[in-house]
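What follows is one structure encoded as structure tokens, with my remarks underneath.
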Amino acid sequence: MNVVVCVKQIPDPAVPGELDSDHTLKREGKLILDESDSYGVEMALQLVDKAGGGEVTLISMAPNGEVAGLRTALAMGAAQAILVSDDALAGADALTTSKVLAKCVERAGGVDLVLAATESTDGYTGTVPAQVAELLGWPSLTFAKEVHIDGTTVQIQRQTEAGYDVVEASLPAVVSVTAGVVEPRYPSFKGIMAAKSKPVDQVTAGDLGLGADDITIYQTITSVTAAPAREAGEKIEDDGEAFGKIVEFLDGLKVI
């Protein structure tokens, strides 16, 4: 069982984010593993263990050859990583990102399953896993809160507002998992030390066979404005008739 996990390296959410001149999020300096992707890494490790063999490969896009977040996932137990670092991909939209990740899956070779988070923390559309599946020509299973492999079949419990649906597909396939699908492990000291020597294949878009036509950025951010300050609420002293104010307020919310 060979599993590829799409992981995103993001600026630390605990630090206030800054924007570049083109209104995109600054991604300078150390990046960390997106917490939402740790669930996919853990799920992949458990599936490989249950299968009795195989490897977990990470694929990621990040500027400046940044690998700090990848090293965290490698310390959890993943065997290797493919990192795409290319200035031409700055500000990449969901489609361009999906093209790059799909090519990384092909580069990894012999992949039985691709896992991804449902969406990233620092900016998302929620469409990348499905687009990767479409580009690969593989089944797409989304919002998985449980994942089971039986031979050449993957079965998931797909989370819904009413509970869950049971969905099956043949392998290879792409599955997006929800937070809580498993409990991610903490990297051990041994794992952290071992991660330093695990291979990270750093490539450019060109190395993946993607040209200028393939990485056209179809979205631009024209402006960013601060959210309006929250207005102070109205305090009402209850003289026994305050319920009338509540009724009046609710009436004002009605859509005509």
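The values are calculated or read from the model by the stated rules, or taken from the named source; none is laboratory data. Predicted, not measured: the structure shown is a model, and the values here were computed from it. Backbone-built Cβ (ideal geometry, glycine too); neighbour counts: all protein chains shown. We work out accessible area using only protein heavy atoms, side chains counted, and drop any ligands, DNA or RNA first. Shrake-Rupley method; radii C 1.70, N 1.55, O 1.52, S 1.80 Å.
Observations
- Seen from every direction in turn and averaged, the convex hull around the alpha carbons of the range 35-79 projects onto 3.1 nm².
- Equivalent ellipsoid semi-axes - Cα gyration tensor, the range 62-206, angstrom: 25, 20, 15
- For percent of Cα pairs over 23 Å apart, the candidate list reads (1) 56; (2) 73; (3) 46; the entry that matches the value derived from this model is (1).
- Surface share of carbon and sulfur [accessible, 1.4 angstrom probe, percent] for the chain: 51 percent
- Computed with the Debye formula from one identical point scatterer per Cα of the range 87-154, without solvent, the log10 of I(q)/I(0) at q = 0.14, 0.21, 0.28 Å⁻¹ comes to -0.46, -0.98, -1.42.
- Among the trypsin sites (Lys or Arg not before Pro) within the range 176-227, those in coil by DSSP and having at most 10 neighbouring Cβ atoms inside 10 Å are 196.
- Kirkwood hydrodynamic radius over Cα pairs of the range 128-202, then Stokes diffusion coefficient at 20 °C and 1.002 mPa s, in µm²/s: 148 µm²/s
- Annotation: the range 35-128 has a Kirkwood hydrodynamic radius of 14.0 angstrom, from the mean reciprocal C-alpha pair distance.
- Note that the range 138-256, at 37 °C in a medium of 0.692 mPa s, gets a Stokes-Einstein diffusion coefficient of 149 µm²/s from its Kirkwood radius over C-alpha pairs.
- Sites listed here are chymotrypsin sites (Phe, Trp or Tyr not before Pro) in the range 121-181 whose DSSP assignment is loop and whose Cβ has at most 15 other Cβ atoms within 10 Å: 124.
- DSSP loop GluC sites (Glu not before Pro) with at most 14 other Cβ within 10 Å: longest gap in the chain: 29-160
- Checking the cross-link pairs 8/30; 103/145; 50/99 against a 20 Å limit on the alpha carbon distance flags 103/145; 50/99 as lying beyond it.
- Two-site FRET efficiency, residue 55 against residue 166, from Cβ-Cβ distance with R₀ of 45 Å, rounded to 0.05: 0.95
- Restricting the calculation to alpha carbons of the range 1-74 gives Rg and Dmax of 14.5, 50 angstrom.
- Distance between the 7 Å Cα→Cβ label points at residue 249 and residue 227: 2.0 nm.
- Against the empirical curve 2.2 N^0.38 Å, the C-alpha radius of gyration of the range 213-256 lands at a ratio of 2.39.
- The order of 107, 230, 27 by accessible area, most exposed first and with a 1.4 Å probe, is 230, 107, 27.
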